1. Scan the range 93-107 residue by residue and report those that are in contact (Cβ under 8 Å) with a residue 60 or more places away in the chain and under 12 Å from the mean Cα position of the chain (by Cα).
2. Quick check on Val202: is it in contact with a Lys or Arg (Cβ under 8 Å, 6 or more places away or on another chain), closer than 17 Å to Leu117 by Cα and of a type in the set (A, V, I, L, M, F, W, C)?
3. For the range 241-268, give me each residue that is crowded, with 18+ Cβ neighbours inside 10 Å and part of a strand (DSSP E or B).
4. Look through the range 114-154, keep the residues that are among the aromatic types (Phe, Trp, Tyr) and in contact with a strand residue (DSSP E or B) (Cβ under 9 Å, 6 or more places away or on another chain), and return whichever of them is surrounded by the most Cβ atoms within 10 Å (Cβ to Cβ).
5. So Thr53 passes all but one of these: (1) in contact with a strand residue (DSSP E or B) (Cβ under 7 Å, 6 or more places away or on another chain); (2) free of Cβ contacts under 8 Å to residues at least 40 places away in the same chain; (3) among the hydroxyl-bearing types (Ser, Thr, Tyr). Which condition number does it fail?
6. List pairs: first residue in the range 191-205 and closer than 21 Å to Asn178 by Cβ, second residue charged (D, E, K, R) anywhere in the structure, Cβ distance under 7 angstrom, at least six positions apart or on different chains.
7. Test each condition in (1) modelled with pLDDT of 95 or more; (2) among the charged types (D, E, K, R); (3) part of a loop (DSSP other than H, G, I, E, B) for Asp14 and report the one that comes out false.
8. Any idea which of (1) surrounded by 17 or more Cβ atoms within 10 Å (Cβ to Cβ); (2) among the basic types (Lys, Arg); (3) at pLDDT below 95 is the one Arg195 doesn't satisfy?
Amino acid sequence: MKNCCSNDIEEEIDLWQEMHCRAEQMLQAEPLIAHLFVDFILSKNSFADALATRLAHKLSSSRKEFDTFFALSKEAFTATPYILIQAQNDMQATADRDPACDSVLAPFLWFKGFLALSAYRVSHHFWNAGRRHIAHYLQSHISETFSVDIHPASNIGCGILLDHATGFVVGETAVVENNVSILHAVTLGGTGKTRGDRHPKVRSGVLIGAGAKILGNIEVGTCAKVGAGSVVLDNVPAHTTVAGVPAKIVGMATEAEPSLGMNHQLFS
């Protein structure tokens, strides 16, 4: 996967063989949960089938719901196949940046940040297709299942690490470009009842610390860093670090691409 501060990394990568090899290893190493590796990976013919099955299993509480979520996911993947490219880029980003992740198999099976993002991408497809009740149906289940509330109209790129994910909230007109790393309890929200374009635009390469609240139609510039717990109400220039309540510039970002280094220190 390309690692750069740009918005053009939606290139195709193929992790399916790597997932299969890892699942085969786990089949022998962990016999008590061997059925999971078979059900979600080894019995499937494609990454699309595997991801649709995993999402349906997580989101559903009945066989009828499972069938519905599986069919919706497969429909979205068929109509908008770059969702699968985005998902694999997200898996690779998680494996590359999260020290708690030992392979691309881990986010696919266990990490709710990856799963919530993948399910959001299905809802986003249906929103763009004008099927908004389906989109909201998915959003509601994603929120209840993962404690992650992403409006299906928002635009989120790929190569995203959503670490821990609990409490992540994204408003309708928010934009998150590629190669962004976000910790838990982050809000990309509005500032009131104003309609129209009212949510943040987060550019490529940005690192957002846990609990940060970024509010209003403002821009967080390319490869900037937002300190944990900050409340950001104004534009953040590219390659700067902001922190505080309200957030102020405290210096230049300590790395060329903060989202890749995952260094949450505010100063060199």
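1. Ala93, Thr94
2. No: the conditions fail for Val202.
3. Thr241, Val242, Ala243
4. Of all residues in the range 114-154, those among the aromatic types (Phe, Trp, Tyr) come to 114, 120, 126-127, 137, 146.
Filter once more, keeping what is in contact with a strand residue (DSSP E or B) (Cβ under 9 Å, 6 or more places away or on another chain): 114, 120, 146.
Values: Phe114: 27, Tyr120: 25, Phe146: 22.
Applying the filter and picking the extreme gives Phe114.
5. Unmet for Thr53, out of (1) in contact with a strand residue (DSSP E or B) (Cβ under 7 Å, 6 or more places away or on another chain); (2) free of Cβ contacts under 8 Å to residues at least 40 places away in the same chain; (3) among the hydroxyl-bearing types (Ser, Thr, Tyr): (1).
6. Going by the 7 Å Cβ cut-off, the qualifying pairs are His199/Glu172; Lys201/Glu219; Val202/Glu177; Arg203/Glu177; Arg203/Glu219; Ser204/Glu177; Gly205/Glu257.
7. With respect to (1) modelled with pLDDT of 95 or more; (2) among the charged types (D, E, K, R); (3) part of a loop (DSSP other than H, G, I, E, B), Asp14 is out only on (1).
8. In the conditions (1) surrounded by 17 or more Cβ atoms within 10 Å (Cβ to Cβ); (2) among the basic types (Lys, Arg); (3) at pLDDT below 95, Arg195 misses (1) alone.
The values are calculated or read from the model by the stated rules, or taken from the named source; none is laboratory data. Since the structure is predicted, the reported quantities are computational estimates derived from the model, not experimental observations. Note: ideal-geometry Cβ built from the backbone for every residue, glycine included; neighbour counts use all protein chains shown.
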